[in-house]
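Asker: This is the structure I have questions about; it appears just below.
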Amino acid sequence: MVFEQIEHLKQQYTDKFVVVDESRPELLRFAGTVGRVKTVNMSGRALVEFGADANIGWYDIDPDFLKVVDRPKPQPPEAKKKTAPAKKPAAPAAKQTEAKPAGKLSTADILAAARGGPKPAEKPKPAGKPSTADILAAARGEKAATPAAPPEAAEEAAAAEPLQPQVASAGEKVDRTTMSVADILAWCRAHDGR
């Protein structure tokens, strides 16, 4: 195209509102949308911005497939409210209370609920945080491996009991499977301190 022709197209289309030719398959995505010509590039194609759906891209379109239209009227605020999607109705209060229990559920409670077992509110709450073995046992439907006790109670019991280490002589082997953690610590303190 000759420079004069491009300048003429710029004067004819710049800042004009346009609609596309809907018979063109490549322009169907802009059907029914008013765009604004920003400028005409040196290839003689109009750079059009379509403001719908927060689309700020510029599309180069041959001016032969554009039709100049009047400026679209701004949508009144009432019409915007009418076109807003309706909110979903709130669920009945009974369903909301069933869906959201009051406290945080443990893994065992979640697994029991999924299995159709007693609801967390019906189960007695353990005194302390369950161990991994207790959670796995509950998931299998077995009785808890160890009774759950609060950490404070375990610390108090350990402090109240006098430590009776199982001390082995130089050649004697120690069976760690029969020793408690406190016994193992006491044995290590007695032998490492030499």
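Asker: Could you list, in sequence order, the residues of the stretch 35-53 that are touching an Asp or Glu at 6+ places or on another chain (Cβ under 9 Å), assigned to a loop (DSSP other than H, G, I, E, B) and of a type outside the set (G, A, S)?
Answerer: Across the stretch 35-53, the qualifying residues are N41, R45.
Asker: Follow-up. Here are some residues: P101, P130. Which one is under 30 Å from the mean Cα position of the chain (by Cα) and at pLDDT below 60?
Answerer: P101
Asker: Still on this structure: Could you look through the stretch 32-49, keep only residues that are of a type outside the set (S, T, Y) and within 18 Å of K73 (Cα to Cα), and pick out the one that is surrounded by the fewest Cβ atoms within 10 Å (Cβ to Cβ)?
Answerer: Top of the filtered list is G32.
The values are calculated or read from the model by the stated rules, or taken from the named source; none is laboratory data. Since this is a predicted model, take the numbers as computed values, not measurements. Using ideal geometry, Cβ is built from the backbone for each residue, glycine included, and neighbour counts are taken over all protein chains shown.
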